[in-house]
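*Asks:* The structure follows.
The values are calculated or read from the model by the stated rules, or taken from the named source; none is laboratory data. From a predicted model like this one, the values you see are computed outputs, not experimental measurements. Note that each Cβ is placed from the backbone with ideal geometry, even for glycine, and that neighbours are counted across all protein chains shown. Quick note on the areas: whole protein, heavy atoms, side chains included, nothing else; ligands and nucleic acids left out. Shrake-Rupley method; radii C 1.70, N 1.55, O 1.52, S 1.80 Å.
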Amino acid sequence: MPGPKRPAVARGGEQTTLRRQYDRLRRSVTLFRDLVGSTDAVSLFSSLLEGIACEFPVHAGFVGRVQPGRGTVEVVAGTYPEGTDAPREVDLDHPALARLLESQHPSLVLTRSDGLFCKESRSLLAVRFRIEGESLDVLVLESVEEGAFTSDDLQFVVDLLQTLEATLFNRYSKTRTDRDIDLLMEVTRNPSELAHDLDEGELSRLLAKILEIALSLTGCRVGAVLLADEESGHLHVEAE
């Protein structure tokens, strides 16, 4: 009677591929652990870019936050060729970014594409994602090598970002909700001094939350919060 079949053993190139995949998985777990421990967007994006870029022959790249009102992506973390000035913003009308943001798919790989930071770029990998729910973020990697990024490489980056997104979104959402509740409670306790204690960004978020609650209670679909300028007496829209 023949004995039980032994599992096939990977040899040569297969062993090399499996080892490479294992090493990448191990590094991604370590990177993910570091990212989850980040306390702000700058450190998070910097670690994210550094950790992902080391997996590929990257010559330039950045992680940024889309600013629709300005028509740009604000560069939060970047890596550039030596001698290149570090840009603070990138126009959304760049062909690669426009294609990424208009596509139904959250990622793309392009060959022979014009680079954003490196004129000699021949390959580009781009992924859009959301860490804080409301803001749209973008990761772009460039290489001077043609075909530097494969479909497996793209899937690796997408999987990592989606896992990170799901984990941090819950954390940041809870933080924002707690902050909104604290601000609303503060309004009821000391409304006259509230504006002096909040910076511009916090005041805008508070007014937006108040408007959201007002619309919900009244069943209205459209509304606005107007503030009066103390010097001119003119009204301006603060939330809508």
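*Asks:* Just name the residue that is modelled with the highest pLDDT out of those in region 51-101 that are open to solvent by 60 Å² or more (accessible area, probe 1.4 Å) and more than 22 Å from residue 122 (Cα to Cα).
*Replies:* That would be 74.
*Asks:* Got a sec? Which of 43, 47 is under 25 Å from residue 168 (Cα atoms), surrounded by fewer than 19 Cβ atoms within 10 Å (Cβ to Cβ) and touching a Leu at 6+ places or on another chain (Cβ under 8 Å)?
*Replies:* Result: 47 is the single residue among 43, 47 that is under 25 Å from residue 168 (Cα atoms), surrounded by fewer than 19 Cβ atoms within 10 Å (Cβ to Cβ) and touching a Leu at 6+ places or on another chain (Cβ under 8 Å).
*Asks:* Select from region 44-85 the residues that are assigned to a helix (DSSP H, G or I) and in contact with a strand residue (DSSP E or B) (Cβ under 9 Å, 6 or more places away or on another chain) and list them in ascending order.
*Replies:* 44, 45, 46, 47, 48, 49, 50, 52, 53
*Asks:* Inside region 13-40, can you point out the residues that are free of Cβ contacts under 8 Å to residues at least 12 places away in the same chain, open to solvent by less than 50 Å² (accessible area, probe 1.4 Å) and in a helix (DSSP H, G or I)?
*Replies:* Result: 23, single match.
*Asks:* Using beta carbons and a limit of 6 Å, which pairs, at least six apart or on different chains, have the first residue in region 51-73 and over 20 Å from residue 157 (Cα atoms) and the second one part of a strand (DSSP E or B)?
*Replies:* Qualifying pairs under 6 Å: 67/74; 72/89; 72/91.
*Asks:* Just for region 109-146: of the residues that are part of a strand (DSSP E or B), more than 18 Å from residue 78 (Cα to Cα) and in contact (Cβ under 8 Å) with a residue 24 or more places away in the chain, which one is least open to solvent (accessible area, probe 1.4 Å)?
*Replies:* 109
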